[in-house]
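Note sheet for the following structure.
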Amino acid sequence: MQRVFITGASSGIGAALARRYAEQGASLGLAARRAEALRQLAASLPNPERHRCYPLDVTDHAALAAAAADFIAVAGGADVVIANAGISQGTLTEYAEDLEVFERIVATNLSATVATFAPFIAAMKRQAEAGHACRLAGIASVAGIRGIPGAGAYSASKAAVISYCESLRVELRGSGIRVVTIAPGYIDTPMTRINPYPMPFLLSAEKFAARAQQAIDAGVSYRVIPWQMGVVAKLLRLLPNAVFDALSAKAGRKPRQLPEQAGEPPLAG
C-alpha cells in the first residue's frame with residue numbers, strides 16, 4: 001500500500017491525484033487551506049479511514065513540517081510526496097500593488113515546494129536503503145518554459161520549480177529517491193476556467209492525474225502532460241526571441257486583481 005502526501009489537495013489537480021491514488025488503495029495525507037473541502041474529499045474517497053487531512057497554508061513552513069512528521073509517524077513513512085499547491089494571478093510589474101501578489105505566488109509555488117519536500121527526505125532515505133521506491137514530485141507548468149506576458153509571477157515561479165527539481169534530482173542521485181518534474185499544459189481546473197483565451201489540448205483533471213501518476217510511479221525525471229504541449233513547449237524554446245515576442249504580444253492575458261481584491265488570495269490551483 002502506497003503512502004502518498006499531496007499539497008493543494010482540496011480541488012483541481014490535487015483532488016484528482018488524491019482520487020487516483022485512493023482508488024488504487026493508497027493511504028493519503030491531504031494538505032490544503034480549505035478544511036471543509038479537505039474533509040469532504042477525504043470522506044468521498046475509498047477507505048476514508050486511511051486518509052488524514054491537514055488544513056494549512058503551505059507558506060506556513062512550520063505547519064508543513066508538523067504535518068509531514070505526523071503523516072510519517074501515523075503511516076510509517078511516505079512513498080510519494082507531491083508538491084502540487086499553486087496559485088496564479090495576472091501581474092504587471094508597472095503596478096506597485098502587484099508586487100505583493102508576485103511575492104505570494106513565488107512563496108506558494110516555489111518556496112513551499114522546498115518546504116514540502118524537506119521534512120520527508122531523511123525518512124525517505126532510510127526507506128530507500130530498505131528497498132522501498134520513493135518519489136518526490138513537483139508540479140511545475142509549461143508556463144515555466146518561456147515567460148508569458150501578464151503572468152510574470154506565475155511563469156517565473158514555475159520556471160524556478162523546474163530548475164529547483166532538477167537540482168534536487170541530481171543532489172539525491174544514488175539515494176534511492178527519484179525526483180519527478182511534471183509540467184502540466186492546460187488542465188480543466190478552477191484556476192484555468194477564468195482564462196479569457198483559447199487553451200489548446202485542454203485535458204480533464206482526471207486524465208491528467210492518471211498520466212501523472214504513471215510518470216511519478218515510473219520515476220521519470222521530467223514529463224509534460226499532455227504530450228502535445230510538450231511538443232509546443234520545445235518549439236517555443238527554439239523560437240528566436242524576436243519571433244516569440246511578436247507572437248506572445250498578441251496572446252490573451254490572465255486577468256490581474258482589481259484594487260478592491262488586493263487583500264484576497266490569488267487563484268488557487
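The values are calculated or read from the model by the stated rules, or taken from the named source; none is laboratory data. From a predicted model like this one, the values you see are computed outputs, not experimental measurements. When we count neighbours, we look across all protein chains shown, and the Cβ atoms used for this are built from the backbone with ideal geometry, even at glycine.
At-a-glance table
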item: The stretch 92-112 - residue that is in contact with a Gly (Cβ under 7 Å, 6 or more places away or on another chain) and assigned to a loop (DSSP other than H, G, I, E, B) and, of those, surrounded by the fewest Cβ atoms within 10 Å (Cβ to Cβ); result: Thr93
item: Tally of residues being in a loop (DSSP other than H, G, I, E, B), more than 21 Å from His132 (Cβ to Cβ), modelled with pLDDT of 95 or more and not β-branched (Val, Ile, Thr) across the stretch 35-86; result: 7
item: The stretch 1-17, residues that are within 17 Å of Ala68 (Cβ to Cβ) and hydrophobic (A, V, I, L, M, F, W, C); result: Val4, Phe5, Ile6, Ala9
item: Given (1) modelled with pLDDT under 95; (2) out of contact with any helix residue (DSSP H, G or I) (no Cβ under 9 Å at 6 or more places or on another chain), number of the condition Lys125 does not satisfy; result: (1)
item: Selection count where residues are surrounded by fewer than 22 Cβ atoms within 10 Å (Cβ to Cβ) and either in contact with a Pro (Cβ under 7 Å, 6 or more places away or on another chain) or outside any helix (DSSP H, G or I) (or both), scope the stretch 13-25; result: 3
item: Single residue of Ala115, Ala128 found to be surrounded by fewer than 23 Cβ atoms within 10 Å (Cβ to Cβ), out of contact with any Pro (no Cβ under 7 Å at 6 or more places or on another chain) and over 21 Å from Ser141 (Cα atoms); result: Ala128
item: Looking only at the stretch 36-55, and only at residues there that are in contact with a Leu (Cβ under 9 Å, 6 or more places away or on another chain) and of a type in the set (A, V, I, L, M, F, W, C), the one that is surrounded by the fewest Cβ atoms within 10 Å (Cβ to Cβ); result: Leu45
item: Scan of the stretch 137-158 for residues that are in contact (Cβ under 8 Å) with a residue 24 or more places away in the chain and assigned to a helix (DSSP H, G or I), ordered by number; result: Val142, Gly144, Gly152, Ala153, Tyr154, Ala156, Ser157, Lys158
item: So Ala151, is it in contact with a strand residue (DSSP E or B) (Cβ under 7 Å, 6 or more places away or on another chain) and at pLDDT below 95; result: yes
item: Hits in the stretch 205-221 - residues which are touching a helix residue (DSSP H, G or I) at 6+ places or on another chain (Cβ under 8 Å) and either surrounded by fewer than 18 Cβ atoms within 10 Å (Cβ to Cβ) or within 25 Å of Ile177 (Cα to Cα) (or both); result: Glu206, Phe208, Ala209, Ala210, Ala212, Gln213, Ser221
